[in-house]
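The structure appears right after this line, and notes come after that.
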Amino acid sequence: MKHTILILAAAFLLASCGDSEQHFLNDSAYRSQVHKQFQKRVAEASNRNDALFSVFDKDNLSTEQREALEFLYAYMPLSDLADHDGEFFLQHVDAAFAARDYFAWGRTIPDEIFRHFVLVYRVNNEDLDTARMVFFAELKDRVKNLSMYDAALEVNHWCHEKVTYRGTDSRTSAPLALVRTSWGRCGEESAFAAAALRAVGIPARQCYTPRWVHTDDNHAWVEVWIDGKWHYLGACEPEAELDAAWFTGPAKRAMMVHTNVFGAYNGPEEKNLQTPLYSKINLLANYADTRTVKVQVVDAEGKPVENARVQFKVYNYAEFYTIAESRSGKQGIASIISGNGDLLVWASKDNAYGYAQSTPQDQLVIVKMARQQGESYAEDWVVSVPPEQAIPAIAPDKAAANAARLVREDSIRNAYMQTFTSEADAKKLAQANKLDSKEVWKYLNLAQGNWQEISRFIEQNKGDKRLFSFLASLSAKDVRDTRAAVLSSYLEHSASNDANVFSPRIERELIVPYTDFGGAKYDNARAVIDFVKNNITISEDNYYNCRISPRGVYELRIADKQSRNILFTAMCRSAGIPARIEQATARPQYFEDGKWQNAVFEEEIAAQAPKTKITLQNAPSNIVKPGYYSHYTLAYYKDGDFQTLDYENNAAAKNFPYTLDVDAGYYRLMAGSRANDGSVTVHTEYFELKAGEPQTQVVKMPEVEGKLFVKGIVDMNTIVVRRDGTKATLKEISGGKGLILCFVDLGKEPSKHILQDLSAVQRDFEAWGGGVLFMIPSDKDVPFDPSAFKGLPQQTAWSVDAERTLLRAATDALQTDFQDNFPLAIYLSRNGGILHSTEGYRIGTGEAVLKVIRQERTCTP
């Protein structure tokens with residue numbers, strides 16, 4: 001260890017004292033700052049000294065390479081110090097320099113921009129791989145002779161050839177895993193596209209709104225630096241121009257857009273957060289009209305409170321979600337730049353907390369920390385959102401040419417996906433190995449582009465009776481991106497039949513090969529707890545929220561709390577002790593004496609916290625059946641704020657009434673109803689749950705003020721040609737009960753969301769019995785199989801809207817200047833009156849239409 005530090009110090013002195021070689025860090029003061037931080041990381045990562053730092057012993061390492069490596073080591077999150085080695089990072093350094101030297105724009109990029117947005121191997125919290133090198137080889141000749149602007153567009157077209165949108169879980173797959181699968185959620189698409197852009201030396205960063213306010217969910221996209229200016233694009237969703245995307249309209253209504261910047265960054269953007277290792281910068285002004293939200297925090301007597309934690313929250317998924325956080329100054333003041341909608345400002349310090357609503361009309365919001373844990377009361381809120389704004393349209397000829405390219409690119413990707421294994425091949429594999437063909441096909445189909453690895457795993461473990469229960473314990477994403485050898489290593493080292501022992505899936509960490517951790521040394525969970533307590537140091541330096549693998553924590557001996565908990569679980573399982581991360585509370589637990597016990601590392605909870613029961617009932621007045629996260633949540637008070645419990649996938653929560661076993665404590669039940677303009681009416685109940693005293697709470701959806709009104713009229717005698725060639729009028733399709741008419745662009749994510757939304761309430765629409773018609777404008781028509789869209793109401797029909805005839809009639813009736821902000825979803829009464837309409841990216845459209853249908857029944861004589 002000392003030898004390496006001496007070599008590094010000597011190298012730094014030599015590089016600082018002479019100019020015989022070109023520097024990467026040209027500013028000497030910044031170079032010194034980086035080196036000091038690097039030395040701290042060398043000391044911090046001493047348990048992995050050889051793996052990480054022996055790369056500096058190379059005789060032919062240039063000054064540029066050394067300084068670039070020092071920069072990366074100085075600021076990388078703990079996950080990267082724990083799970084990768086020096087050769088991996090040197091590969092990325094060399095690839096970044098190769099791209100800089102190969103492309104004409106490489107030498108035009110300022111040092112700071114290159115350092116933070118090209119060199120850095122990580123975009124956000126994705127699993128890491130060697131995609132930069134692979135992508136450079138594939139793209140270099142395709143974009144070499146283009147302008148920087150056109151190269152960025154071309155790279156995104158290449159990305160679209162490889163990957164399209166589909167919702168997945170919260171672990172972010174590595175870019176090469178995404179290529180293998182051909183699809184991913186927006187966070188994965190944007191990490192993938194940014195990695196491809198950096199591979200060809202174009203500065204790129206992932207931007208995201210942590211939560212929308214006009215609808216539920218969030219979104220991520222990419223910004224690229226072109227000739228001195230940042231522009232945006234939809235990742236894997238290429239348009240004919242930069243600064244054009246389906247989310248342009250929603251982004252104008254955002255309350256926050258930000259990105260994490262690796263390293264000590266001195267750029268011009270406002271910083272929502274700055275730490276020694278990274279910054280979180282505020283990019284909202286690039287997209288929306290903004291305002292300064294200024295807050296003063298005071299105590300119960302009205303005196304300013306310094307150093308209070310101040311959280312700025314928006315309503316989304318039935319909770320108030322923090323989009324930015326800061327600390328109050330000496331006069332209790334805190335502020336952020338946000339959008340022209342409402343925020344909930346939450347302040348806490350010690351055992352006191354308070355909150356207040358901030359509206360665009362407020363110059364200063366006073367937050368009095370006068371609330372106390374244990375109070376029982378109810379509140380109602382109306383949360384307003386920024387209004388919709390017009391968005392510019394791309395010239396029709398450019399849009400048409402781009403649409404034609406998208407069709408070709410879809411065909412390239414679809415041709416690759418046709419190489420995935422078939423059900424017939426799965427049946428042959430099952431028969432050859434005497435296995436259940438339905439089970440084999442289930443997992444080979446889930447595996448997508450990873451089907452060969454899963455086939456190999458099945459063949460290797462065909463004699464193990466746990467084979468399919470093991471596969472069932474994995475996430476769908478694990479099946480898509482984990483190698484056979486990695487999976488087999490877990491079955492080989494465990495004889496248990498309990499998934500809480502043999503399964504490698506713990507939380508959302510990347511699955512790595514099995515590690516023994518000295519298994520037999522730990523014959524009970526308390527021995528594991530003692531080891532973890534005595535050997536693992538907790539640090540907040542894992543800032544990208546990347547989970548460290550259990551092996552990485554074990555080697556580095558430093559971790560964030562959640563990665564520490566994953567290590568505990570993995571160590572227990574390797575010793576044959578059932579263990580898990582409990583989903584609702586995210587606490588590590590082990591099974592002992594017939595019950596699950598909390599593993600206690602901090603003294604904030606007991607191994608068996610006092611328990612009680614809460615029963616949740618559905619209010620008879622609710623016009624929709626409330627869904628967890630869609631309409632309501634339950635949260636418990638901890639550390640000055642309410643933490644939402646995760647019951648989204650709890651089987652009991654699917655039907656009312658249901659009962660939960662929970663810790664005794666202080667709770668908040670929140671329910672929200674969203675109006676057609678995106679605003680939300682929120683009802684909250686605060687109450688204490690005492691140990692051993694069961695309680696019942698009613699989930700009551702608040703009423704939204706306002707009445708149905710007819711926005712316009714569409715002629716129900718309009719004739720359409722359905723996909724099967726038959727003709728019918730809109731009136732006939734409606735069945736005399738009403739018609740849901742959706743104009744969609746199936747090549748874009750928002751239109752795919754509406755398919756999911758309607759599928760979620762399939763039975764309700766089938767029981768209603770009206771019509772459901774999807775119209776595809778002829779200029780957006782692509783080959784597709786309607787049967788591929790599973791779960792849509794059985795009465796669903798498809799048609800092509802020639803020359804946008806019906807779309808124009810609908811938008812004329814609505815008196816709206818529609819700018820291809822698909823989908824456009826409208827609900828028509830049986831007489832053709834438009835009672836509901838939404839356009840663009842929305843979550844919950846199906847439920848919103850159902851609400852209108854039910855209201856219509858009560859209003860119709």
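The values are calculated or read from the model by the stated rules, or taken from the named source; none is laboratory data. As the structure is a computational prediction, the values presented were derived from the model and not from experiment. Please note: Cβ atoms are built from the backbone with ideal geometry, for glycine as well, and neighbour counts cover all protein chains shown. Note: areas computed on protein heavy atoms with side chains; ligands, DNA, RNA excluded. Shrake-Rupley method; radii C 1.70, N 1.55, O 1.52, S 1.80 Å.
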Exercise. Got a sec? Which of Ala664, Ala675, Ala652, Ala635 is touching a strand residue (DSSP E or B) at 6+ places or on another chain (Cβ under 9 Å) and loosely packed, with under 14 Cβ neighbours inside 10 Å?
Worked result: Ala652
Exercise. When you go through (1) assigned to a strand (DSSP E or B); (2) open to solvent by less than 50 Å² (accessible area, probe 1.4 Å) one by one for Val721, which number turns out not to apply?
Worked result: (2)
Exercise. Just one of Arg547, Arg557, Arg483, Arg551 is modelled with pLDDT of 95 or more, on the phi > 0 side of the Ramachandran plot and open to solvent by 10 Å² or more (accessible area, probe 1.4 Å); which is it?
Worked result: Arg557
Exercise. Which of the following residues is modelled with pLDDT of 90 or more, open to solvent by less than 50 Å² (accessible area, probe 1.4 Å), over 25 Å from Ala244 (Cβ atoms) and aliphatic (A, V, I, L, M): Leu773, Leu824?
Worked result: Leu773
For this session: Could you tell me whether Cys207 is in contact (Cβ under 8 Å) with a residue 40 or more places away in the chain, in a strand (DSSP E or B) and touching a strand residue (DSSP E or B) at 6+ places or on another chain (Cβ under 9 Å)?
Result: yes
Problem set entry | Residue list for the range 742-758, restricted to those being over 19 Å from the mean Cα position of the chain (by Cα) and either of a type in the set (Lys, Arg) or more than 15 Å from Ser799 (Cβ to Cβ) (or both) | Gly747, Leu755, Leu758
Exercise. If you take the residues of the range 827-861 that are in contact with a Leu (Cβ under 9 Å, 6 or more places away or on another chain) and assigned to a helix (DSSP H, G or I), which of them is modelled with the lowest pLDDT?
Worked result: Cys859
For this session: Just name the residue that is modelled with the highest pLDDT out of those in the range 696-714 that are loosely packed, with under 15 Cβ neighbours inside 10 Å and in contact with a Ser or Thr (Cβ under 9 Å, 6 or more places away or on another chain).
Result: Thr696
Seminar exercise, completed: The lone condition Phe784 fails out of (1) under 34 Å from the mean Cα position of the chain (by Cα); (2) modelled with pLDDT of 90 or more is (2)
Exercise. Of the residues that sit in the range 141-152 and are under 19 Å from Ala235 (Cα atoms) and in contact (Cβ under 8 Å) with a residue 40 or more places away in the chain, which one is most open to solvent (accessible area, probe 1.4 Å)?
Worked result: Tyr149
Seminar exercise, completed: Among residues of the range 283-320 being among the hydroxyl-bearing types (Ser, Thr, Tyr) and modelled with pLDDT of 95 or more, the residue most open to solvent (accessible area, probe 1.4 Å) is Thr292
Exercise. Looking at this structure, is Tyr75 surrounded by fewer than 23 Cβ atoms within 10 Å (Cβ to Cβ) and among the aromatic types (Phe, Trp, Tyr)?
Worked result: no
Seminar exercise, completed: Residue hits (the range 560-601; among the hydroxyl-bearing types (Ser, Thr, Tyr) and either surrounded by 23 or more Cβ atoms within 10 Å (Cβ to Cβ) or at pLDDT 95 or above (or both)) are Ser563, Thr569, Ser574, Tyr590
For this session: Read through the list (1) loosely packed, with under 14 Cβ neighbours inside 10 Å; (2) among the polar types (S, T, N, Q); (3) modelled with pLDDT under 95; (4) closer than 28 Å to Gly184 by Cα, then give the number of the only condition that Gln389 fails.
Result: (4)
Problem set entry | strands (runs of 3 or more DSSP E) fully within the range 255-314 counting 1 or more residues that are within 30 Å of His35 (Cβ to Cβ) | 258-262, 270-274, 278-282
Exercise. Could we say that Ala403 is closer than 30 Å to Asn821 by Cβ, open to solvent by 60 Å² or more (accessible area, probe 1.4 Å) and in contact (Cβ under 8 Å) with a residue 12 or more places away in the chain here?
Worked result: no
Problem set entry | Candidate set: the range 448-480, residues that are open to solvent by less than 10 Å² (accessible area, probe 1.4 Å) and within 17 Å of Leu435 (Cβ to Cβ); chosen: the one nearest to the chain's Cα centre (by Cα) | Val479
Exercise. Taking the condition in a loop (DSSP other than H, G, I, E, B) and out of contact with any helix residue (DSSP H, G or I) (no Cβ under 6 Å at 6 or more places or on another chain), does Ala356 pass?
Worked result: no
Exercise. Restricting attention to the range 182-194, does a residue exist that is assigned to a strand (DSSP E or B), more than 19 Å from Ala285 (Cα to Cα) and among the small types (Gly, Ala, Ser)?
Worked result: yes
For this session: Read through the list (1) of a type in the set (A, V, I, L, M, F, W, C); (2) without any contact (Cβ under 8 Å) to a residue 40 or more places away in the chain; (3) not in a helix (DSSP H, G or I), then give the number of the only condition that Ala415 fails.
Result: (3)
Exercise. Hey, among Arg205, Arg253, which residue is in contact with a Pro (Cβ under 7 Å, 6 or more places away or on another chain), surrounded by 24 or more Cβ atoms within 10 Å (Cβ to Cβ) and not aliphatic (A, V, I, L, M)?
Worked result: Arg253
Exercise. Does Ala619 qualify as being under 30 Å from Val699 (Cβ atoms) and out of contact with any Phe, Trp or Tyr (no Cβ under 6 Å at 6 or more places or on another chain)?
Worked result: yes
Exercise. If you go through the range 225-237, how many residues are modelled with pLDDT of 95 or more and open to solvent by less than 20 Å² (accessible area, probe 1.4 Å)?
Worked result: 5
For this session: Within the range 791-821, track down each residue that is in a loop (DSSP other than H, G, I, E, B), farther than 28 Å from Glu856 by Cα and at pLDDT below 85.
Result: Gln819
Exercise. What pairs can you find where one residue is in the range 537-551 and free of Cβ contacts under 8 Å to residues at least 24 places away in the same chain, the other is assigned to a loop (DSSP other than H, G, I, E, B) and surrounded by fewer than 23 Cβ atoms within 10 Å (Cβ to Cβ), and their Cβ atoms are less than 8 Å apart, with a gap of 6+ or different chains?
Worked result: Thr537/Arg557; Glu540/Asp560
For this session: Check whether at least one residue in the range 736-749 is charged (D, E, K, R), closer than 22 Å to Glu409 by Cα and surrounded by fewer than 18 Cβ atoms within 10 Å (Cβ to Cβ), and report yes or no.
Result: no
Exercise. Among Asp380, Asp397, Asp425, which is the only one that is open to solvent by 30 Å² or more (accessible area, probe 1.4 Å) and either of a type in the set (Lys, Arg) or outside any helix (DSSP H, G or I) (or both)?
Worked result: Asp380
Seminar exercise, completed: Counting only residues that are assigned to a strand (DSSP E or B) and more than 31 Å from the chain's Cα centre (by Cα), the range 339-353 contains a total of 1
